[in-house]
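What follows is a set of notes on a single structure, which appears directly below.
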Amino acid sequence: MSTPVTVKPTAGPALKGGPGPAQRLTSFMPLIALAVLLAALTIADPEFLTQRSLTAAARTAAPLIVLAAGATLVVLCGGIDLSIAALASVSTVLLALWLPDLGALATPAVILVAAAIGAVQGVAHVLLRIPSFIVTLGGLSIFSAVALVVSGAGTVRVVDDSTISWLDLYVGGYVPMSLAVALIVVALISVILKATPLHSWISATGYSESAARLAGTPVDLVKIGAFCVSGACAGLAAVMLVSRQFSGSPTMADNLLLPAVAAIVVGGTAITGGHGSVWRSLAGALVVTLLRVGLPIVGVPSAYEQILYGAIIVAAVALTLDRSKVLIIK
């Protein structure tokens, strides 16, 4: 009869948990970049750090923050929403057309319609199994065309903006109401994610969709919900733009697509999904806004703005890309 042999596990090196110094530094990069930009612009133009200049920058940042916050959820799920700017543009036209008849109801109506359109894109993505890139690229084209048709290819003036003029007010006499609303949106999304299983569901979907399905995560509903929130944020951003411009235009928000994507990736949200947060996108949006405001201050023509955004997106994606999830680069 053989004697049983007991095998003792070999003691190996202890595994260190938690992020390393490099990862901690990377997580603070958006805040570091924000501080450096603020200091550089103040040195270039001492009058930049005045209430008037900071208020103008804050009002410029508000729609971008809202757009980026909504689109961040789609990116966290491993997708992308390229239609947010076009959807915001057509929403400005709808708001300008509906304000005379609906009054105060026009604002929630536009936001609900934009949310429904976002949800439709999400349904097309999950049911037809079409990549989000293709779905939202098609949506971008459709929304741009609809905006042109509905507006008659022109600007729709707002005669009575009394129902949306509250966005032009100031909190405490200093903080623009539009910025306060943007911060509330970011905080609300963050709290809902943390207080519910949504945070773990979205992260699991972004890290590995197949593993998330095996774990019982309602992946399809999570994705549709992310697109729905992204659409609603596009609608809210449209309301902010109309309150500033006193009109709706089929191209009013088109120039915000690249800045919104840049804000997401500069904030440190991985373009492959699973890692990031809306707070990071907030910091990224502030960085992008300072760049937009600061280029003329340092004498850089605005024509170079798109070049800068493209370079920022490529560099930020290169730094945040999870290459373990992308074994083959096409």
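The values are calculated or read from the model by the stated rules, or taken from the named source; none is laboratory data. Owing to the predicted nature of the structure, the values given are computational and were not obtained by experimental measurement. So basically every Cβ, Gly included, is an ideal-geometry build from the backbone, and we count neighbours across all protein chains shown. The area values use the complete protein model at the heavy-atom level, side chains included, leaving out ligands, DNA and RNA. Shrake-Rupley method; radii C 1.70, N 1.55, O 1.52, S 1.80 Å.
A few notes on this one:
- Accessible surface for Cys233 stands near 10 Å², nearest 10, in the context of the full protein assembly shown (1.4 Å probe).
- The packing ranking, built from the mean of other Cβ atoms within 10 Å per residue, places the peptides 73-80, 274-281 in the order 73-80, 274-281, highest first.
- Packing order of peptides 260-272, 184-196, highest average first: 260-272, 184-196 (average count of other Cβ atoms within 10 Å over each peptide's residues).
- Listed candidates (1) 26.1, 95; (2) 20.0, 68; (3) 22.2, 98 - label of the one calculated as Rg and Dmax of the Cα atoms in Å: (3)
- Cubic angstrom per residue, convex hull over Cα atoms of the range 223-274: 94
- Each other residue within a Cβ distance under 11 Å of Pro176 adds +1 if Lys or Arg and -1 if Asp or Glu, for a net charge of +1.
- Over all pairs of different C-alpha atoms in the range 147-248, the reciprocal of the mean inverse distance, the Kirkwood hydrodynamic radius, equals 16.5 Å.
- Modelled label positions at Val175 and Leu214, each set 7 Å beyond Cα in the direction of Cβ, lie 4.6 nm from each other.
- Counted charge near Ala69, where neighbours are those whose Cβ lies closer than 14 Å (Asp, Glu -1; Lys, Arg +1): 0
- Between helix 29-44 and the chain: long-axis angle, C-alpha atoms, 0 to 90°, nearest 10: 40
- Peptide packing: for 81-90, 123-132, the average count of neighbouring Cβ atoms within 10 Å per residue gives the ranking 81-90, 123-132, highest mean first.
- Rolling a 1.4 Å probe across all protein chains gives Ser230 an accessible area of roughly 0 Å².
- To the nearest ten degrees, helix 177-195 and the longest principal axis of the Cα atoms of the chain are 20 degrees apart.
- Tensor-based shape of the range 242-309 (alpha-carbon gyration tensor, a/c under 1.5 rounded, otherwise prolate or oblate): oblate
- Sites Ala145 and Phe28 - FRET efficiency at Förster radius 25 Å, r taken between beta-carbons, to 0.05: 0.05
- Folded to 0 to 90 degrees: helix 257-266 orientation relative to the chain principal axis, Cα: 40
- Using 0.36 nm per residue and subtracting the Cα-Cα separation, the extra length available between Ala44 and Ala104 on full extension is 17.3 nm.
- A 1.4 Å probe run over the protein chains yields, for the chain, 50 Å² of accessible area per residue, whole-number rounding.
- Net charge of neighbours whose Cβ lies under 15 Å from the Cβ of Val135, counting Lys and Arg as +1 and Asp and Glu as -1: 0
- Accessible surface for Val300 stands near 50 Å², nearest 10, in the context of the full protein assembly shown (1.4 Å probe).
- Over the chain: helical MRE at 222 nm, DSSP H runs n ≥ 4 each giving -39500 (n - 2.57), nearest 500: -22000 deg cm²/dmol
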